[in-house]
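Here the structure comes first, spelled out in C-alpha cells, and everything after it is commentary.
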Amino acid sequence: MRKIFSLSAIAIAVLAIAISQLWQKPVSKWHQGAAWERLFTIYDKMAAEQFQDCDPKLVETRFGDTMVHACGNDGNPPVLLFHGLSSSALIYGDWLVPTLREKYYTVSVDALCDVTRSLPKLGDPKSCPQTTKEMYEWMIDIKTQLKIDKPVSAIGYSYGAFMATHMAMEGQKRLDQLQNEASTHSGSAEADQKLTGLANDQIDEIILIAPAAVVAPFSTQWLVRAIAFGLLRTMSGSFASVKTWLRDWFFTYMMSDFKTAHLNWSSDQRELRAALDDAGPVQVAVPASEVDMDSLKGLARRHDMLLIIGDKETVTDPTVAVSRAKETGIHVREYKGAGHMMLVEFPRNPIKLDVLQFLDGSYADN
C-alpha cells in the first residue's frame, strides 16, 4: 500500500511539474524590478539591525558577486553559515551570529541564484554553480577574498546543509587525488606546497540543521505539497490574499504546530517571507538529494559532524534521518516537538548551545 501511494504521489508530482511550465511567471532580470526593490528595502533594514558592527561586503567570485556578513575578529577560527532555499543570510543574524562572533570569525553567506543580495555574473543564473564541484569552488573563492587561509567550520540549514556536506566531500575528493599524485612525486616542493594549500581549503566541523535530504530522502508528502505550492502560487497571479494563504499553508506545515505556528511568526519575518516569494523564483541548479551510506560513513570518519533535527520534521522522515546518521557515525541532537522551521520557533535558542559546544569540543550526545 505504501509503495502504491509513493508511486501515485510521484506521478502527481511529475504531472504538476509539467503543468506548471504552462503557468510559469516571467522571471524578471536579476535584482531588477519593483519586487526586488521591495525585498532589498526590507533586507537592508533587517541586516542593519541584525549585523551591527559586522562587515557586510560583496566579494567577487568566478560565479558572481556574493554578499557576506563577516562578524567578529578575523583572527579567530572561521565559521561559514549557509542558509536554506528561498531565504538569506538573515536567518542567522538575530540569534546565532551574536553568540558565535564572540569566539569565531563568523561569516553568514547569501547564496548565489537565491533571492538574496548576491548577484550572479552578468545577472545570469546560468553562471551560478552548476555542480557540487562548483559549489566547493565558490566557497574557496569566498575564503580567498576574505583572506581565510585555514580550514573552516560549516553550518548549514536545510538546503544549506546539503551545500556544506558536498563542499566537504568535494574538498576531500580533491585532497585525496592530490595526495595520490604527490605520492609518485615524493619530495617535490611544488607538490608539498599544493598539498598544504589544499589542506587549508578543507572543511573541519560540519553542523547540519534540519537538512534537506542528505541523511534521508525527501518525504513524498512534503514533495507533493512543495510542488503544489509552487504551481498554485504561480497561478494565483496578483491575488495577494491567495498568496498569503498559500504561504501559510506551505510554511506552517513545516513548523512544529502548524495550526498555531503562524502566531509566533513575527511581522518582520512574514513581510520578508512575502518579499522573498515575490522576487523569486529561486534558480539554483543543483537539487538537494540523499547521500549514500558509504559516502556518509567516509565523511563522518574524516569530519566531526552533528545533525540537529526535530521529531516533527516534515521535509524528511526524522526517524530515518536519525537512524542513518547514527549508523554512519554522525552525532545527533534530536528535539522533541520541533519541526523543520526551527530557526523561527523552538528550539533555536537551545541550538545555540549545541553549536558552541560542538565547535569547542565540549558537546555530548543526548
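The values are calculated or read from the model by the stated rules, or taken from the named source; none is laboratory data. What you see is a predicted model, and the numbers here were worked out from it, not measured in a lab. Here the Cβ is made from the backbone with ideal geometry for all residues, glycine too, and neighbour counts use every protein chain on show. Remember, those area values only see protein heavy atoms, side chains included, never the ligands or the DNA or RNA. Shrake-Rupley method; radii C 1.70, N 1.55, O 1.52, S 1.80 Å.
Points worth noting:
- Here the Karplus relation 6.51 cos²θ - 1.76 cosθ + 1.60, evaluated at θ = phi - 60°, turns the backbone of segment 162-171 into coupling constants of 4, 4, 4, 4, 6, 4, 5, 5, 5, x Hz, with x for every Gly and Pro.
- Whether segment 284-333 is rounded, prolate or oblate, judged on the alpha carbon gyration tensor where a/c under 1.5 counts as rounded: oblate
- Taking the Cα atoms of segment 24-158, the ratio Rg/Rh between the radius of gyration and the Kirkwood radius comes to 0.96.
- In Hz, Karplus ³J(HN,Hα) per residue of segment 100-117 (6.51, -1.76, 1.60; θ = phi - 60°; x = Gly, Pro): 5, 5, 5, 10, 9, 7, 9, 10, 8, 10, 8, 5, 6, 6, 9, 7, 10, 6
- Label zone at Ser127 (point 7 Å along Cα-to-Cβ), backbone N below 12 Å, segment 53-67: 60-66
- Gap separating the Cα centres of segment 90-151 and segment 316-361, nearest whole Å: 22 Å
- Placing unit charges on the Cβ atoms only, positive for Lys and Arg and negative for Asp and Glu, gives segment 36-130 a dipole magnitude near 220 debye about its Cα centre.
- Charge sum, other residues only, whose C-beta stays under 9 Å from Lys336's C-beta, Lys/Arg counted +1 and Asp/Glu -1: -1
- Rounded, prolate or oblate (a/c below 1.5 giving rounded, otherwise prolate when a/b exceeds b/c) for segment 209-366 by Cα gyration tensor: prolate
- Too-long pairs where the Cα-Cα distance tops 32 Å, listed order kept, from Lys45/Lys147; Lys121/Lys297; Lys29/Lys336: Lys121/Lys297; Lys29/Lys336
- Taking label points 7 Å from Cα along the Cα-to-Cβ direction, Ser266 and Phe239 give a separation of 3.2 nm.
- The Cα atoms of segment 287-366 give a gyration tensor whose axes a ≥ b ≥ c have a/c of 1.5 or more with a/b no greater than b/c, which makes the shape oblate.
- Förster radius 22 Å - calculated FRET efficiency between Asp149 and Arg301 (Cβ-Cβ, nearest 0.05): 0.30
- Computed E for Asp294/Gln32 - FRET, C-beta separation, R0 45 angstrom, nearest 0.05: 0.50
- Using the Cβ-Cβ distance between Thr41 and Val224 with R0 set to 30 Å, the FRET efficiency works out to roughly 0.30.
- Near Pro56: Cβ cut-off under 12 Å, other residues only, Lys/Arg at +1 and Asp/Glu at -1. The net charge is -2.
- Local electrostatic count, Leu276, Cβ distance below 13 Å [Lys/Arg +1, Asp/Glu -1]: +1
- Peptide ranges 315-321, 355-361 listed from the most packed, as the mean C-beta count within 10 angstrom indicates: 315-321, 355-361
- For Leu307, the residues whose amide H sits under 5 Å from its own are Leu208, His331, Val332, Arg333, ignoring neighbours fewer than 5 places away on the same chain, with H placed 1.01 Å from N.
- Heavy-atom accessible surface of segment 247-336: percent carbon and sulfur, 1.4 Å: 47 percent
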